[in-house]
Amino acid sequence: MNINYSSRLISDWIIEISLNHPWKTIFTSLFLTIVLISGSQFLVIDDDMMKMLPRDIESRLAWDKVQEEFGSTEVIYIAFGNKSKNIFTKDAFSTLWDISNGLQSLKYVEDVSSLATLSRMDNVDGFMEISDLQPQRVLAVSEINSIESYLNINLDQKKRFVSKDNEFFMIAVEPSEKLGLDQFRDQVVALARPLLKNYESHFGGTAYMTGSIPGLIKDDIKALMKVGVFIMVIILLVNLRSLTGVGIVILLIGLSLGATMGFMGWVYKLTRSDKFLFTMANSSMPIILLTIANSDGVHIITKFFREMRKAIDTKEAIKSTMSALLVPIFLTSVTTASAFLTMVSSPLEPLIGYGFTISVGILWACFLSSFFLPALISLIKWDKESVVISKTSILEDFVNKVSPLLHREARFTFIIGLILIAVGLTGLSMVKVDVNLASFFKPGTEIRDGMDFMDNEMVGTMDLRVKIEGNLKDPILLNKMSHIQNYIEENKKVGLSYSIADAIKQMHKVVMDNNEDFKTIPESEGKVNNLFTLYSMSGDPDDFSGFVDYDYEVGLITALSKTMSTEEIFEFVKKITQYISKDIGNNIPIEITGMIVVFRDMVLMIIRSSLLSIIFSIILIGLIVSFFFKKVPWGFLAIVPLSSAVIINFGLMGHFNISLNHITAILSAIVIGVGVDFAIHYIAQFERLSNKIDHRSLTKEVVKDVGYPILLDAGSNMGFGALLFSSFIPVQYIGGLMVFAMLSTSLGTLTILSSLAEILKYRLINKN
């Protein structure tokens, strides 16, 4: 059966159902939508970055092993003190004691590290004595002086817990795996903040950042939706001049968005898959759904108003409107959904769920536009003599004046488009990939200020973990661990590293009358064993649980660094790997992991995922359009404005130094998915009118017919501009770039696509 004939039969059936049974259609549509919306209660916001990575990649496997053996590596850091004031005071130590002990009492806190929980080693009458560094809450001046003196000769321990200028104390809090990081963060902050009211305080670490993001996303979404809808309503009101018309469009948007979020909630409830967690990368989803649903509504309302000017009644106008638009709306929905579905090939799990969910939302918006919307419009009493219907808007008048120009100057218009593409191409080589966490947040926000403080005043919070297997009482292996640490610390951004080797050096020094010359690894395994025996006589062997396993067969080097750029991370990890391979050898099982390595792997996946998404989307859209319209050139022409928009947008990223990361990486799919709408509406109208009017004026009439809804659609989609108000800088970039994308894809359709169609007009007409 002929495709066009089949589509016409289906569209006629849909029109008949909607117009002849409007109340049943509305009730059924609303019932199904409400069922989907009810799933919103199961929507879970979580931004644990580890959940983004596939479980079978090397860094993730190594990370998971480290977590199993040594506890959580995602930590909240708390720093408190006052600028220009020495922190070694009675009050400060009392506060440190209260916070440390309070945190240890929390059900879901696994461990707390601070001066208040630290042990000290002293030589007493030739023996090693282990005692609490801070023995009690209230300290005498002499005890404070003793602590300070001890730390001054044990600088590695001091660097972990005291700022450079002795102005701030640091506390590290490790979560248990029984609680989400958002809840863990809330518990820690709720306990600490009241106790720190007399101090300047800062919070940092990956657990704090990750735990803070769900709340920020919730607040962000609420604010963005308000701003986005407000912008959209204003633009629509100015152009449609009808509260009822705008209300219909907004209702469609609300139902589509609610159904999409509900669907995501239902899928998560049924599958418990991390793919369907709502993350920071998904924070643009509501705005995207808002604009896509808006597109369908705008095309239907504007076309309906034009048809009402010449139709006998509302029913006839609706029938004409839907006859012209059902097929292009269906086709745009299928192609847009297909573009987003290419995200399922992404190795990053949240992007898989993102692509699948938003595709379902697009198709649901298509369902509501096809059934619910015409049924609703048919029940409203419209006044044909009203200004809304009887008179054209300013934007429509503008399109009517411009359309002859596009018809006459097709080649000139095409050249202008090529120049814009060339500008975009020059910026592609300048695009940088960077997953710098600090750069995700605005300067002045609590998270950003906390991260900057930890980098500038403390040793940093980004961690690198090196896991080593073997006999960790063997001096040879212990010295190799020490050599690795020395090499790591040569990096200027690394503030500190520590391992069981450091503990052994410290013990050796202590038993040798605190002689710094003996801060070394003993020359025999027997002497190493003796040190542990001496320690166990007055200390707790579990003190080393963060460094080595129970059998002393698996050890961990932990390095803390300042925030690094992705380029710096690549180089850092590469050099460490080369050093271990060359100077340590490959005969010792060594694995490198930590957030630094995780970010490196994430970057590699982002690059691959983005490229594949672009290629698959463009090819798929081209094939779908070619198949449906039965002309290969139409498939090519459909992707021209999309490809141009992608090039120009990524070119702008290069020119304006906007980094590619796991959030901005979805930009290509968004641009293609949203922009394909314009191209298909143009092609569908070109095909329809080519059989009805003089071919000499075909381009002019096509632009007059689709130019107004395309520009109004793009203009009202400036709701993307709401993303500019996001708390997350990458999301701001998406907002800015998508505003431009709306302009580039809409104008690209009305210039590059229309000019090419005009040039190739006689090859496209009547060539089946």
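Here are a few things to note about the model shown:
- Dipole axis of the chain (+1 Lys, Arg; -1 Asp, Glu on Cβ), positive-most option in Leu236, Trp266, Asn400: Asn400
- Rounded FRET efficiency, nearest 0.05, which uses the C-beta distance separating Glu148 from Glu200 and R0 of 25 Å: 0.75
- Net charge of the neighbourhood of Val388, taken over other residues with C-beta under 14 Å away and scored Lys/Arg +1, Asp/Glu -1, is +3.
- For the pair Thr28 and Met430, the difference between a 0.36 nm per residue extended length and the Cα-Cα distance amounts to 139.6 nm.
- Paramagnetic label zone (point 7 Å from Cα along Cα-to-C-beta, Asp56; backbone N under 17 Å) in segment 583-609: 605
- Applying the criteria of a DSSP loop state and at most 12 other Cβ atoms within 10 Å to the trypsin sites (Lys or Arg not before Pro) of segment 267-322 yields Arg272, Arg309, Lys310.
- Check: segment 75-204 dipole with +1 on Lys, Arg Cβ and -1 on Asp, Glu Cβ, in debye: 440 debye
- Charge tally in the Cβ shell below 12 Å around Pro22, where Lys, Arg are +1 and Asp, Glu are -1, Pro22 excluded: +1
- Mean Cα-pair separation over length for the chain, i.e. relative contact order, pairs under 8 Å, 6 or more apart, %: 19 percent
- Fewest-first sequence of Glu567, Glu758 by Cβ atoms within 10 Å of each Cβ: Glu567, Glu758
- Under Karplus coefficients 6.51, -1.76 and 1.60, residue-wise ³J(HN,Hα) of segment 738-750 in Hz, glycine/proline x: 6, 4, 5, 4, 4, 5, 5, 6, 5, 5, x, 5, 7
- Modelled label positions at His695 and Ile619, each set 7 Å beyond Cα in the direction of Cβ, lie 3.4 nm from each other.
- Spin-label pair Val402/Asn20, simplified geometry with 7 Å Cα→Cβ offset, distance in nm: 4.2 nm
- Sequence ranges 622-629, 697-704, 54-61, ranked by mean other-Cβ count within 10 angstrom, highest first: 697-704, 622-629, 54-61
- Under 9 Å, Cβ to Cβ, from Glu591 - net charge with Lys/Arg +1 and Asp/Glu -1: +1
- Legend: residue pairs Lys158/Lys505; Lys630/Lys692; Lys107/Lys269; Lys159/Lys575; Lys480/Lys574; Lys303/Lys761, Cα-Cα distance threshold 22 Å; pairs beyond threshold, Lys107/Lys269; Lys159/Lys575; Lys303/Lys761.
- Here Lys226 and Asn586 are evaluated by their C-beta separation; at R0 = 56 Å the FRET efficiency comes out at 0.45.
- Loop-resident GluC sites (Glu not before Pro) (DSSP state other than H, G, I, E or B) in segment 324-423 with no more than 12 further Cβ atoms inside 10 Å of their Cβ: Glu385.
- Gain in span if fully extended, Lys574 to Ile416, counting 0.36 nm per residue against the direct Cα distance: 52.4 nm
- FRET efficiency for Val238 and Leu612, using Cβ-Cβ distance with R0 set to 51 Å, rounded to 0.05: 0.80
- Entries of Lys85/Lys493; Lys275/Lys467; Lys65/Lys527; Lys319/Lys381; Lys631/Lys704 with Cα pairs more than 19 Å apart: Lys85/Lys493; Lys275/Lys467; Lys65/Lys527; Lys631/Lys704
- Peptides ranked, highest mean first, by Cβ atoms within 10 Å: ranges 228-239, 98-109, 369-380: 369-380, 228-239, 98-109
- In the chain, the DSSP-assigned H stretches of four residues or longer account for a calculated mean residue ellipticity at 222 nm of -20500 deg cm²/dmol, using -39500 (n - 2.57) per stretch and the full residue count as denominator.
- Amide H to amide H distances under 5 Å link Phe441 with Ile729, where only residues 5 or more positions off or on other chains count and H is placed in the peptide plane.
- Protection proxy ranking of 162-172, 330-340, 718-728, by the mean of other Cβ atoms within 10 Å over each peptide's residues and highest first, is 330-340, 718-728, 162-172.
- Label reach from Leu155 (point 7 Å along Cα→C-beta): in segment 472-494, amide nitrogens under 14 Å belong to 490.
- For the chain, the Cβ-based charge dipole about the Cα centre amounts to some 4660 debye (Lys, Arg positive; Asp, Glu negative; other atoms uncharged).
- Convex hull of alpha carbon positions in the chain: directionally averaged projected area 36.9 nm².
- Ratio of Rg to Rh over segment 224-382 (Cα coordinates, Kirkwood Rh, two decimals): 1.02
- Distance from segment 170-225 to segment 8-39 (C-alpha centre basis), Å: 45 Å
- Residues in segment 543-586 that a label on Lys492 would reach, taking backbone N under 15 Å of a point 7 Å out along Cα→Cβ: 562-565, 568-569, 572
- Global geometry of segment 308-348, whether rounded, prolate or oblate, following the gyration tensor of its Cα atoms and the 1.5 cut on a/c: prolate
- Axis of helix 90-104 versus longest Cα principal axis of the chain: the two differ by about 60°, to the nearest ten degrees.
Every number in this text was worked out from the coordinates using simple rules, so none of it is lab data. This one's a predicted model, so the numbers in the text were calculated from it and none came from an experiment. In this analysis, Cβ positions are derived from the backbone assuming ideal geometry, glycine residues included, and neighbour counts consider all displayed protein chains.
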